[in-house]
Structures are given as structure tokens and as C-alpha cells.
Amino acid sequence: MSVQHLSESTEMYLKAMIEISGNESVQISRLAERLSVTPVSVNEMVRRLDEQGLVSHIPYKGVALTEKGHEVACDVTRRQRLWECFLYEHLGIEWAQVYELACSLEHATAPEVTEALSTFLREPKTCPHGNPICAADGSCMPLDAVPLKMAAVGDTVQVVAVNATSTDVLKYLQERGLMPGCEVTIIGAEPMQGPLMLRKEGKETALGLSLAEFVLVKSIPS
């Protein structure tokens with residue numbers, strides 16, 4: 001995949017969009033929350049990205065990646081997630097820390113290094129957080145999972161991926177064992193947008209709905 005050199009901030013915005021919703025449109029407010037910036041800043045950046053043909057912005061509807069923008073976003077996430085694999089599997093960096101550390105490497109990685117890294121890692125399909133790694137041609141395996149907060153009380157589900165970027169959030173989930181491959185049962189849901197009550201390996205824990213949105217799961221056939 002060959003893309004033009006873009007600024008780090010441009011790459012971060014495009015990557016955030018694909019992380020949030022893949023090919024779907026993203027609300028300005030969600031993008032601002034993801035990047036920890038103000039909606040005013042997002043609107044200004046989106047205007048510039050629209051002018052570059054990287055996104056399509058429909059006022060009051062949201063922002064969507066164009067074909068060109070999607071190509072760039074896939075390239076950035078590929079670099080990011082390959083570095084996550086290397087840091088976690090070969091340097092022994094803590095699971096909760098690899099996202100942030102990989103972010104500092106992705107923007108300075110030449111295409112030749114990206115492909116050499118992929119070959120060295122034996123072409124991984126997912127990163128340590130379970131999120132798909134796009135192939136060199138931009139194709140990407142769809143993630144067959146939904147946010148944990150959508151599961152019903154009584155369901156037993158398997159965690160497929162964790163789509164969070166904050167080291168603090170990842171650390172919180174790691175400490176509770178809510179990582180790809182684990183199984184949990186939803187044993188309760190508090191009213192008024194209260195937390196989900198989960199049971200994992202005989203232990204119970206509470207998880208707020210805002211955090212449960214980051215945990216992507218699939219049903220386990222009974």
C-alpha cells in the first residue's frame with residue numbers, strides 16, 4: 001500500500017476514525033472524545049481533511065472516510081498494530097502499554113520497514129488487543145464482534161478485542177482479566193445506565209457502560 005506523506009496529526013485523525021467505526025460515519029463529538037480535543041478543533045481539522053479529499057463531512061450527520069482517506073487510515077493502523085505485536089511478543093512490553101508506545105513509532109516507519117516487520121512477525125492477522133491488521137494491499141478481516149454493553153443479562157460471551165487507546169483504561173481492563181480470549185458471564189445490569197455485573201472464573205466484578213463499549217465480544221454457543 002503506497003500513500004503520500006502526511007502530517008502526524010492527519011494520520012492520527014484518520015486512524016481514530018477507522019478505530020471508532022471502520023467504514024461508517026463518525027460524529028464530531030465522538031472523534032473529539034477519542035482524541036481528547038475540543039469539538040472546535042475537530043471541526044477545523046475535518047475542514048482541512050475534507051479539502052484534501054480524505055474525508056467527507058456532512059454537517060449534523062458526521063464524518064466519513066473517502067476511499068483515499070480509508071487507504072491512509074488502513075496504512076497507519078497496519079503500522080500501529082504491527083509495532084504492538086513486536087513490542088508485546090518480542091520485547092515483553094506490558095499489554096496495557098503497547099498501544100501508546102506503538103503510536104510513537106508508527107509515524108516514523110517507512111514502507112520498507114513496515115513490510116520487513118510484517119515478514120519478521122509472520123504476517124499476523126490481529127494485534128495483541130485482538131484488532132485486525134490490514135494486509136499490505138489494504139484488505140482487512142472484518143471483526144465479528146459487538147460491544148460488551150450490548151450483551152444481555154445471562155449471556156456468556158468471549159472477549160474478541162479491546163478497542164481502547166488509553167493506557168489507564170487498558171490497565172484497568174488488564175487487571176480484571178478482560179483481555180482477548182477470556183470468557184465472561186453477564187450476571188446483572190444496574191438501572192439508570194449503571195454498571196454491568198460480570199462473572200469471570202468464579203469472581204465477580206462491575207464494569208461501567210462507558211468501559212464496556214471498548215470490550216468487543218462474541219456469543220458462545222450453548
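The values are calculated or read from the model by the stated rules, or taken from the named source; none is laboratory data. What you see is a predicted model; the values in this text were computed from it and never measured. Every residue, glycine among them, receives a Cβ derived from its backbone with ideal geometry; neighbour counts consider all protein chains shown.
Looking at Asp168 and the list (1) in contact with a helix residue (DSSP H, G or I) (Cβ under 7 Å, 6 or more places away or on another chain); (2) closer than 19 Å to Arg34 by Cα; (3) at pLDDT 95 or above, which single condition is not satisfied?
Of everything listed in (1) in contact with a helix residue (DSSP H, G or I) (Cβ under 7 Å, 6 or more places away or on another chain); (2) closer than 19 Å to Arg34 by Cα; (3) at pLDDT 95 or above, Asp168 misses just condition (1).
Would you check if there is a residue in segment 72-93 being more than 29 Å from Lys171 (Cβ to Cβ), in the same structural domain as Glu19 (by TED's automatic domain parsing), within 16 Å of the chain's Cα centre (by Cα) and touching a residue at least 60 places away in the same chain (Cβ under 8 Å)?
Within segment 72-93 (the criterion being more than 29 Å from Lys171 (Cβ to Cβ), in the same structural domain as Glu19 (by TED's automatic domain parsing), within 16 Å of the chain's Cα centre (by Cα) and touching a residue at least 60 places away in the same chain (Cβ under 8 Å)), the answer is yes, since at least one residue qualifies.
Does at least one position in segment 115-134 carry a residue that is modelled with pLDDT of 95 or more, over 19 Å from the mean Cα position of the chain (by Cα) and β-branched (Val, Ile, Thr)?
Among the residues of segment 115-134, at least one is modelled with pLDDT of 95 or more, over 19 Å from the mean Cα position of the chain (by Cα) and β-branched (Val, Ile, Thr), which makes the answer yes.
Show me the helices (runs of 4 or more DSSP H) entirely contained within segment 82-190 in which 3 or more residues are over 20 Å from Gly208 (Cβ atoms).
Here the list reads 98-106, 111-120.
Being over 13 Å from Leu14 (Cα atoms) and among the polar types (S, T, N, Q) is the filter here; which residues of segment 43-72 pass it?
Asn43 - this is the single residue of segment 43-72 that is over 13 Å from Leu14 (Cα atoms) and among the polar types (S, T, N, Q).
Checking Pro142 against (1) surrounded by 12 or more Cβ atoms within 10 Å (Cβ to Cβ); (2) closer than 30 Å to Pro111 by Cα; (3) touching a strand residue (DSSP E or B) at 6+ places or on another chain (Cβ under 9 Å), only one condition comes out false. Which one?
For Pro142, the failing item is (1).
May I ask you to list the residues in segment 78-96 that are of a type outside the set (Phe, Trp, Tyr) and buried (at least 16 other Cβ atoms within 10 Å of the Cβ)?
If the condition is that a residue be of a type outside the set (Phe, Trp, Tyr) and buried (at least 16 other Cβ atoms within 10 Å of the Cβ), then Arg78, Arg79, Gln80, Arg81, Leu82, Glu84, Cys85, Leu87, Ile93, Ala96 are the ones that fit.
If you go through segment 112-139, how many residues are polar (S, T, N, Q) and either loosely packed, with under 11 Cβ neighbours inside 10 Å or closer than 29 Å to Gly194 by Cα (or both)?
3
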